[in-house]
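Colleague: Sharing a structure, written as structure tokens. Questions coming.
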Amino acid sequence: MQKAPIVLVAASLALALAGCAASNAASSAGASAPVYIHMNGRNDFLEPTVAVAPGEPVVFVNEDTGFHNVIGYHPTTGKPNPAVNGDLAGTKGAGHHVATYTVKLTKPGIYDYYCSVHAVLAKTYGKAVQPAHRPGVHGYPGAMAGEIIVTNDPNLIAQNPATTAKKVLAGYFGG
Ligand SMILES: [Cu+2]
């Protein structure tokens, strides 16, 4: 008679876990929920790689006091990619208006971008380029750059950092 409750507990745990899996799948499949990419005091993108479903909004959020931009480019040709192109004024501080730039990409693929204030495109070989640290930029040793993966694979989307679900993160002003 002692085993019956244990079985019941195990069964309800299994149901609870199944419920979690189901709600995760539902949230990642919801193409209307934006994915947020944050700029902070280090002159970088806090979430440099994110994945979204086609048409799912990607919202860049500038929580930094300084100006940033988001410039799309093709890494194999060095040419600009106008599908990603935005300016973000600085935010004065907590409680002030936060500048955002929203982009919706409908075609699956990888969209590379960088901030031309804090990074430069450097030649690699042939016509290929990659972002490099802009000399004189303080706060972050790497290049301020990132990529958006537009995909129909929910497993990739489920790997986004937890911070991509929240528009404004606390404690990042003042760079
Ligand atoms: Cu920047």
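The values are calculated or read from the model by the stated rules, or taken from the named source; none is laboratory data. Since we're looking at a predicted model, the values are computed, not measured. All Cβ positions, even for glycine, are placed from backbone atoms using ideal geometry, and neighbour counts span all protein chains on display.
Colleague: Just to verify a result, which residue in segment 67-122, among those that are at positive phi and modelled with pLDDT under 95, is nearest to the ligand (Cβ to nearest atom)?
Modeller: Among them, the one singled out is Gly93.
Colleague: Please go through (1) more than 20 Å from Met39 (Cβ to Cβ); (2) in contact with a Cys (Cβ under 6 Å, 6 or more places away or on another chain) for Thr77 and return the number of the only condition it doesn't satisfy.
Modeller: All conditions pass for Thr77, except number (2).
Colleague: Take the residues in segment 80-103 that are β-branched (Val, Ile, Thr) and in contact with an Asp or Glu (Cβ under 7 Å, 6 or more places away or on another chain); name whichever of them is nearest to Val58 (Cα to Cα).
Modeller: Here the residue is Val98.
Colleague: Can you spot a residue in segment 157-173 that is assigned to a loop (DSSP other than H, G, I, E, B), within 16 Å of the ligand (Cβ to nearest atom) and either out of contact with any strand residue (DSSP E or B) (no Cβ under 6 Å at 6 or more places or on another chain) or more than 13 Å from Phe45 (Cβ to Cβ) (or both)?
Modeller: yes
Colleague: Among the numbered criteria (1) among the β-branched types (Val, Ile, Thr); (2) at pLDDT 95 or above; (3) within 16 Å of the ligand (Cβ to nearest atom), which one does Val50 miss?
Modeller: With (1) among the β-branched types (Val, Ile, Thr); (2) at pLDDT 95 or above; (3) within 16 Å of the ligand (Cβ to nearest atom) applied to Val50, the lone miss is (3).
Colleague: Can you tell me which residue is surrounded by the fewest Cβ atoms within 10 Å (Cβ to Cβ) among those in segment 119-141 that are in contact with a strand residue (DSSP E or B) (Cβ under 6 Å, 6 or more places away or on another chain) and in a loop (DSSP other than H, G, I, E, B)?
Modeller: Applying the filter and picking the extreme gives Thr124.
Colleague: Checking Lys107 against (1) under 19 Å from the mean Cα position of the chain (by Cα); (2) outside any loop (DSSP other than H, G, I, E, B); (3) surrounded by fewer than 16 Cβ atoms within 10 Å (Cβ to Cβ), only one condition comes out false. Which one?
Modeller: Looking at each condition in turn, Lys107 falls short on (2).
Colleague: Same structure again: Report yes if some residue within segment 59-71 is within 13 Å of the chain's Cα centre (by Cα), in the same structural domain as Asn155 (by TED's automatic domain parsing) and surrounded by fewer than 20 Cβ atoms within 10 Å (Cβ to Cβ); otherwise report no.
Modeller: yes
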